Amino acid sequence: MKEDLTHLLICWKNDDRRLGIRKVKIRNSTIMDGEFLILISESLKVVVKNRTKDIEIEKVFQTFNQSGSIEIANGDLYRAEQITNNVSLDFFKLYSDTIQELFLDVDDEFIEIE
């Protein structure tokens with residue numbers, strides 16, 4: 001895999017601002033020699049008091065510009081960036097919805113900040 005795509009995926013995976021556990025899995029494409037299928041995911045076990053819920057978002061994409069047989073300037077980079085952003089946003093929404101759901105049954109009172 002080309003270095004620029006590898007770098008983008010590693011930076012996303014190790015981002016200090018991430019909420020969950022991020023994984024990037026790669027396998028050779030069955031469609032084109034020299035290309036890859038990349039599975040991008042973020043997951044977390046959310047715990048509120050004694051209630052837990054496992055959440056995960058996964059997306060997969062096919063590269064087309066790694067083997068050199070098709071030259072689309074930055075095509076794989078652009079798609080990888082869009083997909084990693086989508087995973088991050090979808091995961092944040094799922095995380096927020098899960099926190100809301102788990103807190104609905106919590107009896108503790110909130111204290112207003114003054």
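Are any of the residues in segment 30-39 aromatic (Phe, Trp, Tyr), without any contact (Cβ under 8 Å) to a residue 60 or more places away in the chain and out of contact with any Lys or Arg (no Cβ under 9 Å at 6 or more places or on another chain)?
Within segment 30-39, the first condition is being aromatic (Phe, Trp, Tyr), and the residues that meet it are 36.
With without any contact (Cβ under 8 Å) to a residue 60 or more places away in the chain added as a condition, the list becomes 36.
Right, trim to out of contact with any Lys or Arg (no Cβ under 9 Å at 6 or more places or on another chain) and you get none.
No.
The listed residues are 88, 67, and the only one of them that is farther than 30 Å from residue 109 by Cβ, in contact (Cβ under 8 Å) with a residue 40 or more places away in the chain and surrounded by 13 or more Cβ atoms within 10 Å (Cβ to Cβ) turns out to be 88.
Across segment 19-62, the qualifying residues are those that are at pLDDT below 95 and small (Gly, Ala, Ser), and the one among them that is farthest from residue 86 (Cα to Cα) is 34. With respect to the conditions (1) surrounded by 15 or more Cβ atoms within 10 Å (Cβ to Cβ); (2) of a type outside the set (Ser, Thr, Tyr); (3) at positive phi, residue 74 lacks only one, and its number is (1).
Answer yes or no as to whether residue 2 is surrounded by 13 or more Cβ atoms within 10 Å (Cβ to Cβ) and without any contact (Cβ under 8 Å) to a residue 60 or more places away in the chain. Step through it out loud before you land on a result.
Working: surrounded by 13 or more Cβ atoms within 10 Å (Cβ to Cβ): yes; without any contact (Cβ under 8 Å) to a residue 60 or more places away in the chain: no.
The answer is no for residue 2.
In segment 6-20, is there at least one residue being of a type in the set (A, V, I, L, M, F, W, C), under 30 Å from residue 109 (Cα atoms) and open to solvent by less than 40 Å² (accessible area, probe 1.4 Å)? Quick ask: steps written out before the conclusion?
Narrowing segment 6-20 to residues of a type in the set (A, V, I, L, M, F, W, C): 8-12, 19.
Restricting the remaining residues to those that are under 30 Å from residue 109 (Cα atoms) gives 19.
Adding the requirement that they be open to solvent by less than 40 Å² (accessible area, probe 1.4 Å) leaves none.
No, the conditions are met nowhere in segment 6-20.
The values are calculated or read from the model by the stated rules, or taken from the named source; none is laboratory data. Bear in mind that the values here come from a model prediction, so they are computed numbers and not experimental data. FYI the Cβ positions are ideal-geometry reconstructions off the backbone, even for glycines, and counts take in every protein chain you see. Areas reflect the complete protein model, heavy atoms only, side chains present, ligands, DNA and RNA absent. Shrake-Rupley method; radii C 1.70, N 1.55, O 1.52, S 1.80 Å.
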